[in-house]
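Here the structure is laid out as C-alpha cells; the discussion comes afterwards.
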Amino acid sequence: QSVLTQPPSLSASPGQKVTISCSGSSSNIGNNYVSWYQQLPGTAPKLLIYDNDRRPSGIPDRFSGSRSDTSATLGITGLQTGDEADYYCETWDSSLNVVVFGGGTKLTVL
Amino acid sequence: EVQLVESGGGAVQPGGSLRLSCAASGFTLSDHYMDWVRQAPGKGLEWVGRTRNKAKSYTTEYAASVKGRFTISRDNSENSLYLQMNSLKTEDTAVYYCTRRTSSGDGGYYFDYWGQGTLVTVSS
C-alpha cells in the first residue's frame with residue numbers, strides 16, 4: 001500500500017486532456033515539493049515535473065503540474081499515442097524520513 | 001552528458017549477497033545525492049536508500065525494508081556508486097535503478113537522471 005494514492009489506470013483518446021491525481025498527507029505532499037515521472041514500457045523512469053509545477057528543459061508544455069493542500073495533479077493535454085506509459089508522483093515524507101512514490105497510474109491512449 | 005550505468009545484477013539464492021555498481025559520468029559525483037530505487041516485476045517504484053553529497057558528509061539513509069541488510073557507498077575518485085545487498089530475500093527481486101537526486105535550490109529535490117537498471121533475481 002503506497003503512502004501516496006494514485007488511480008491505477010486511466011484511458012483517453014488522442015487529442016484529449018487527462019489529469020492524474022496524487023493524494024497524500026501533511027507529512028508528505030502538504031509540506032514538500034512533488035515530482036512526476038513518466039515510465040514508457042521497458043524503460044527507466046524520466047523526470048516530467050519537479051517542484052510541483054516546473055518542467056525540465058525538453059519537456060513539452062503539454063505536461064503540467066499543480067499542488068493544492070495534500071494533493072498533486074499531473075495534467076497532459078493534446079494526448080498522443082506516445083504518451084502511453086506509467087506515471088508516478090514522488091515526494092519526501094517528513095514523518096517517515098523516506099522518499100515516497102505513488103503506486104503509479106497506467107495511461108492508455110486509444 | 002550525464003550518464004549512469006548499473007552493473008552487477010543477476011540471480012542469487014535467498015540469504016545470499018550481491019553488489020551492484022553504478023558508473024557515473026558527465027558530472028561531479030561528490031556534489032550530488034545519489035539514490036537507489038527499485039521496481040519489482042510488474043510493480044511500482046520503491047525507494048531503497050541514498051548517500052548524501054560531500055557537503056552533507058556522504059551520510060546515508062535507507063528504507064525500512066532494507067535497513068540493516070543493504071549498504072550504499074561511493075568512490076568519488078572512481079565516479080562510482082555501490083549497493084551492497086546481504087541476506088537477500090525473494091521480495092528483493094527487482095530492477096534496481098541508480099539515480100541522481102538534485103536540488104532545485106528552492107527546497108525541492110528530484111531524480112533528474114536514471115540509469116537503465118539492473119535486474120536482481122532472488123530465488124532458490
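Values in this text are rule-based calculations from the coordinates and carry no lab data. Since the structure is predicted, the reported quantities are computational estimates derived from the model, not experimental observations. Quick reminder, even Gly has a Cβ in these numbers, built from the backbone with ideal geometry, and neighbours come from all protein chains shown.
Over what distance in Å are the Cα centres of the range A:34-56 and the range B:25-57 separated?
Centre-to-centre (Cα) distance: 15 Å.
Just counting partner chain Cβ atoms within 10 Å, what average do the residues of peptide B:45-58 show around their Cβ?
2
Let me know the mean shielding of B:102-108 by other chains, meaning the per-residue number of their Cβ atoms within 10 Å of its Cβ.
4
Which residues' amide hydrogens lie under 5 Å from the amide hydrogen of B:Thr93, considering only partners 5 or more residues apart or on another chain, with H built in the peptide plane?
The answer is B:Val122.
Can you list the residues, at least 5 places off or on another chain, whose amide H is less than 5 Å from the amide H of A:Leu48, using H built in the peptide plane?
Under 5 Å from the amide H of A:Leu48: A:Trp36, A:Tyr37, A:Gln38.
On the Cα set of chain B, report Rg and Dmax in Å, please.
Rg and Dmax of chain B, Cα atoms, are 13.9, 47 Å.
Could you give me D for chain A, from Stokes-Einstein at 37 °C and 0.692 mPa s, where the hydrodynamic radius is the Kirkwood radius over C-alpha pairs? Units µm² s⁻¹, please.
The calculation lands on 238 µm²/s.
To the nearest whole number, what is the average tally of beta carbon atoms from other chains within 10 Å of the beta carbons of peptide B:62-73?
Mean partner shielding for this stretch: 1.
Short version: ³J(HN,Hα) in whole Hz for each residue of the range B:68-85, in order, from phi by Karplus 6.51 cos²θ - 1.76 cosθ + 1.60 (θ = phi - 60°), x for Gly and Pro, what are they?
In residue order, the calculated couplings are x, 10, 10, 9, 9, 9, 8, 10, 5, 5, 9, 6, 10, 10, 10, 10, 8, 10 Hz.
How large is ³J(HN,Hα) for each residue in the range A:94-110, as worked out from phi by the Karplus curve 6.51 cos²θ - 1.76 cosθ + 1.60 (θ = phi - 60°), to whole Hz, x for Gly and Pro?
My calculation for the range A:94-110 gives 6, 8, 7, 6, 9, 6, 10, 10, x, x, x, 10, 8, 9, 10, 10, 9 Hz in order.
Using θ = phi - 60° and the Karplus curve 6.51 cos²θ - 1.76 cosθ + 1.60, what whole-Hz ³J(HN,Hα) does each residue of the range A:51-58 get, with Gly and Pro shown as x?
6, 6, 9, 9, 9, x, 4, x
Could you tell me which residue out of B:Ser57, B:Gly8, B:Gly105 lies farthest along the dipole of chain B toward its positive end? Charges go on the beta carbon: Lys and Arg +1, Asp and Glu -1, centred on the Cα centre.
Of the candidates, B:Ser57 comes out farthest on the positive side.
Looking at the square roots a ≥ b ≥ c of the eigenvalues of the Cα gyration tensor of the protein assembly as shown, which shape do they give, rounded for a/c under 1.5, prolate if a/b is larger than b/c, or oblate?
prolate
For every other residue with a beta carbon closer than 12 angstrom to the beta carbon of A:Tyr37, add +1 if it is Lys or Arg and -1 if Asp or Glu, then tell me the sum.
Net local charge, A:Tyr37 excluded: -2.
Suppose R0 equals 45 Å; then what is the FRET efficiency for A:Arg62 and B:Asn76 from their Cβ-Cβ distance, rounded to the nearest 0.05?
The calculated FRET efficiency here is 0.70.
Taking the Cα centre of chain B as origin, sum charge times position over the Cβ atoms of Lys and Arg (+1) and Asp and Glu (-1), and report the length of that vector in debye to the nearest 20. Display every interim value, and only then the final one.
Details: 13 positive and 12 negative charges, 70 e Å.
It works out to roughly 340 debye.
How big is the charge dipole of the protein assembly as shown about its Cα centre, in debye rounded to the nearest 20, if each Lys and Arg gets +1 on its Cβ and each Asp and Glu gets -1 on its Cβ?
280 debye
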